[in-house]
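Participant: Quick one: this structure, given as structure tokens, is what I'll be asking you about.
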Amino acid sequence: MIPAKEILQLVRFKQKDNNEILFSDYDIKNSLNEALRYIGQSQALQNSDFLLSFQRYNEDEINAAIEEENQANPEGVQQPLINFQLDGVDLPADYQILSGINRCKDHYSMRPCDASCVPTINEYKIVGEKIYSGCRDFNLGYKKTLSTVQDIEIDSIDLPIFCTDLVVKITCMILNQAESDILLQTIDSTARAIVPRRRYNNAQTKMPFIV
């Protein structure tokens, strides 16, 4: 996690604005959030895994929570129970790109079905902001979006420390109104240089003397 206040201080240092004359905290915060959106979108399409996240969906557990809430408020509006196949369930709020879906029981990799079909036990479909599944207990793997900074004094950025220079550089470019194509090119090239492809760090390779 990177403290947003640290980014603020580094950006002011890079911009030679320690006296807060050129940019307000509000300007830097908005540019920082724009930088996070660019970085998140760029890395979601790359092979890096630091934006990878997982969420488990269990139909019985969700319905048990709904029943408990209905019983606690008997005079209020009663929430209906859900069916993953027919009703679907909301995707995570920070969902960006699908990575994979596995059944929890046997870790079987589920496959997508046509949007007009009801998914079977081995299938799923994503329509709008919901995922529909024939399995009642599955894990969703996805690339997440980066949360925006609300309070630059106390918030933290959900990125590894080694991304600090990347965030500072892109934030400064946005503050200086760099052109979009130059900005995107810089994000891609800089991210490739400093973001490790950790998914394959433990891959075994042949020794040079083995044919």
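The values are calculated or read from the model by the stated rules, or taken from the named source; none is laboratory data. Note that the structure is a prediction, hence the values are computed from the model and not measured. Cβ: placed from backbone, ideal geometry, glycine included. Neighbour counts: every protein chain shown. SASA here: full protein model, heavy atoms, side chains in, ligands and nucleic acids out. Shrake-Rupley method; radii C 1.70, N 1.55, O 1.52, S 1.80 Å.
Participant: Scanning for something within 30 Å of LEU8 (Cβ to Cβ), open to solvent by less than 30 Å² (accessible area, probe 1.4 Å) and either of a type outside the set (S, T, N, Q) or outside any helix (DSSP H, G or I) (or both), does region 71-87 turn up at least one residue?
Facilitator: no
Participant: Here is a further query. Which one of these does SER53 not meet: (1) over 26 Å from LEU175 (Cα atoms); (2) exposed (fewer than 15 other Cβ atoms within 10 Å of the Cβ); (3) of a type in the set (Gly, Ala, Ser)?
Facilitator: Unmet condition: (2).
Participant: Restricting to region 155-172, and then to whatever is open to solvent by 60 Å² or more (accessible area, probe 1.4 Å) and part of a helix (DSSP H, G or I), can you tell me which residue is farthest from TYR57 (Cα to Cα)?
Facilitator: Filtering first and then ranking leaves LYS169.
Participant: Being outside any loop (DSSP other than H, G, I, E, B) and over 16 Å from the mean Cα position of the chain (by Cα) is the filter here, so list the residues in region 128-154 that pass it.
Facilitator: Matches in region 128-154: LYS130, ILE131, TYR132, SER133, ASP137, PHE138.
Yes/no per residue for (1) outside any loop (DSSP other than H, G, I, E, B); (2) charged (D, E, K, R); (3) over 28 Å from SER147 (Cα atoms); (4) without any contact (Cβ under 8 Å) to a residue 60 or more places away in the chain:
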position: GLU67; (1), (2), (3), (4): yes, yes, yes, yes
position: LEU98; (1), (2), (3), (4): yes, no, no, yes
position: ASN102; (1), (2), (3), (4): yes, no, no, yes
position: PRO119; (1), (2), (3), (4): no, no, yes, yes
